[in-house]
Amino acid sequence: MHIVTAAEMKALDKDATADYKIPSLLLMENAARGMVDEIEVNYGKVKKKVVTVIAGCGNNGGDGLAAARHLRMRGALVKVYLFSKEVLLRGDAGISLQIWQKTDGALREEGAFTLEHLISDVTKSDFVIDAFLGTGLSHAIIGRHAEMVEIINRCARRIIACDIPSGISADTGEILGVAIKADATLTMAMPKRGHFMQEGLSHSGALSVIDIGFPDALIEKKKLNVSLIGTDVVQGFLSPRLKGVHKGTMGHLLVIAGSSGKQGAPQMTSLAALRSGTGLVTTALPKSIEKGFSHQAMEIMTLPLPETKLGSIAMGAEKRLLKAVEGKTALAIGPGLSQHPDSQHLVLKLITSVSLPMVIDADGLNAVAVELVILKKKKGPLILTPHPGEMGRLIGKSAADVQKDRFNIAAAFANLWDVILVLKDARTIVAFPDGRLWVNNTGNPGMATAGMGDALTGMIAGFIAQGLSPEDATLLAVFLHGKAGDLAAAQRGEAGLLTSDLIDEIPKAIVEYLKEHS
């Protein structure tokens, strides 16, 4: 499923009518009927339910008015608050208003009600449908309209947003003035970028997509480059194991990580790779932490290395590392590595010397940020996995700047430096050098804890080590990482979820994935 900007959605609407002769009013009817169908699927029959619809003067308001009619046809008790003068509703929205009025629909027009009326009706409603402002919003909500938004957020029992919560930018997810905080959002045809960014993620609630009747040919013609990572995308990437396999045929990953006080990071990376099916994992780490590491992770082979006085891998380890690369099928570099100059030098040396696919995370990324041009001298495929702060260091911006423009920043960086970029967050973005972007929709807030990124690094590198292409391995790992987190949260709850809980669920996530694709 594709994800679109406001401009892309507007062009799709226009071309559906111009090129495929689909009446725009039919698209609005499909949207309204689909909304009511989805409400009944999720919340039960609407008969005798009390519903307040908040409508504006644009097509979003038209969708709301049409939905009000379909709700009433199914027995709901519906009242529409029109935050506009009737004369301002034109086109399809105007027609939907006329139909509502001709069928004696209850309507309160702007200027004919007080906010006290609104409070009274919203408080008594089973549902409030937010159809005030849609994807075209470009200015802050202020004044009486801002008061209306605050009333709905404060008084409504359940809020369902039409397309996108009013006040949320469809392209950036930022709040423009104030914004509706919906329990659920029913979006038309395709999700919008703003559903997955900044406040848009938390304000959208449960997101469902309504099929409004766009032909497949129309969507294919647009060559949209942003998609959701779903089970359909990763289908066939991983197959059940053949009976004749052994550990030597399932890949050998070299993890280069760890420093004094950060022994857990390489352990989580290495265990996640093993839990993902990698046959062999060797972890190269400072000699002073190797003994304790071995006792905690018995299945992992270790390579103790010379270290600095601060307990990080020293420059003298270079020859041993380059020798250790022989016979491996992938590398993972960076978790817990430290920002010591010696360790950073080794990261840069490996990038320019090793042709194996390499996943770079954490302090490995900090090393790259010191000499970004090193990416142009890489010898093999690179997958970089920054969180917003690390991404900011790579491009010389703040984490907040990154969050405001995640899609474009990820796409530009991957293209400029010819790398696969995994921009981690609540909804992780994967960017390929050719301009394609993917958004992950698995995972939960319980995963906002230390070590989750280390586990993801191990999963990506582990799948590459087993023979998947860097592109397929990255998409599959991001998807299954979130799925394992969801399985762990289902067992233990989100609060207090540990990365070790997620790692333990990776095999089950893989089993469920294989069942779905058998």
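The values are calculated or read from the model by the stated rules, or taken from the named source; none is laboratory data. Predicted model only: the values in this text are computed from it and were never measured. Methodologically, a virtual Cβ is constructed for each residue, glycine included, from the backbone with ideal geometry; neighbour enumeration extends over all protein chains shown.
Consider Phe463 carefully, then state whether it is assigned to a helix (DSSP H, G or I) and under 30 Å from Thr5 (Cα atoms). Outline the logic, then answer.
On the way: assigned to a helix (DSSP H, G or I): yes; under 30 Å from Thr5 (Cα atoms): no.
No.
Restricting attention to the stretch 349-377, which residues are among the charged types (D, E, K, R) and buried (at least 20 other Cβ atoms within 10 Å of the Cβ)? Working first, answer last.
In the first step, residues of the stretch 349-377 are kept if they are among the charged types (D, E, K, R); the result is 349, 361, 363, 371, 376-377.
Asp361, Asp363 - these are the residues of the stretch 349-377 that are among the charged types (D, E, K, R) and buried (at least 20 other Cβ atoms within 10 Å of the Cβ).
Hey, can you tell me all the residues within the stretch 127-165 that are in contact with a strand residue (DSSP E or B) (Cβ under 8 Å, 6 or more places away or on another chain) and not in a loop (DSSP other than H, G, I, E, B)?
Selection gives Phe127, Val128, Ile129, Asp130, Ala131, Met148, Ile152, Asn153, Ile159, Ile160, Ala161, Cys162.
Does Ile219 meet the test of being surrounded by fewer than 20 Cβ atoms within 10 Å (Cβ to Cβ) and assigned by TED's automatic domain parsing to the domain that holds Ala67?
yes
I'd like to verify a number: residues in the stretch 1-43 that are of a type outside the set (Val, Ile, Thr), farther than 20 Å from Ala66 by Cα and assigned to a loop (DSSP other than H, G, I, E, B), how many?
Qualifying residue count, the stretch 1-43: 4.
Would you mind stating whether Pro191 is modelled with pLDDT of 95 or more and either crowded, with 17+ Cβ neighbours inside 10 Å or farther than 30 Å from Lys21 by Cβ (or both)?
On the way: modelled with pLDDT of 95 or more: yes; either crowded, with 17+ Cβ neighbours inside 10 Å or farther than 30 Å from Lys21 by Cβ (or both): yes.
Yes, satisfied.
Kindly establish whether Thr187 is assigned to a strand (DSSP E or B) and in the same structural domain as Glu29 (by TED's automatic domain parsing). Don't jump to the end; show me each part of the working.
Details: assigned to a strand (DSSP E or B): yes; in the same structural domain as Glu29 (by TED's automatic domain parsing): yes.
Yes, satisfied.
Val46 is checked against (1) crowded, with 21+ Cβ neighbours inside 10 Å; (2) in contact with a strand residue (DSSP E or B) (Cβ under 6 Å, 6 or more places away or on another chain); (3) of a type outside the set (Lys, Arg) and fails just one. What number does that condition carry?
(2)
Which residues, taken from the stretch 85-104, are in a loop (DSSP other than H, G, I, E, B) and surrounded by fewer than 19 Cβ atoms within 10 Å (Cβ to Cβ)? Spell out how you get there, then give the answer.
First pass over the stretch 85-104, keeping only residues in a loop (DSSP other than H, G, I, E, B): 85, 89-90, 103-104.
Passing the criteria: Lys85, Arg90, Thr103, Asp104.
Just for the stretch 483-518: of the residues that are of a type in the set (Val, Ile, Thr) and in contact (Cβ under 8 Å) with a residue 12 or more places away in the chain, which one is surrounded by the fewest Cβ atoms within 10 Å (Cβ to Cβ)?
Taking the stretch 483-518 as the starting set, the residues that turn out to be of a type in the set (Val, Ile, Thr) are 499, 503, 506, 510-511.
Checking which are in contact (Cβ under 8 Å) with a residue 12 or more places away in the chain leaves us with 499, 503, 506, 510.
On the way: Thr499: 24, Ile503: 27, Ile506: 28, Ile510: 19.
Among those residues, the one meeting the criterion is Ile510.
Kindly list, by first and then second residue, each pair from a residue in the stretch 83-100 that is assigned by TED's automatic domain parsing to the domain that holds Leu26 to a residue that is part of a helix (DSSP H, G or I) and among the hydroxyl-bearing types (Ser, Thr, Tyr), limited to pairs with Cβ atoms under 7 Å and residues at least 6 apart or on different chains.
Between residues of the stretch 83-100 that are assigned by TED's automatic domain parsing to the domain that holds Leu26 and residues that are part of a helix (DSSP H, G or I) and among the hydroxyl-bearing types (Ser, Thr, Tyr), the close pairs are Asp92/Ser24.
Within the stretch 294-335, how many residues are surrounded by fewer than 18 Cβ atoms within 10 Å (Cβ to Cβ) and not in a loop (DSSP other than H, G, I, E, B)?
Selection size over the stretch 294-335: 11.
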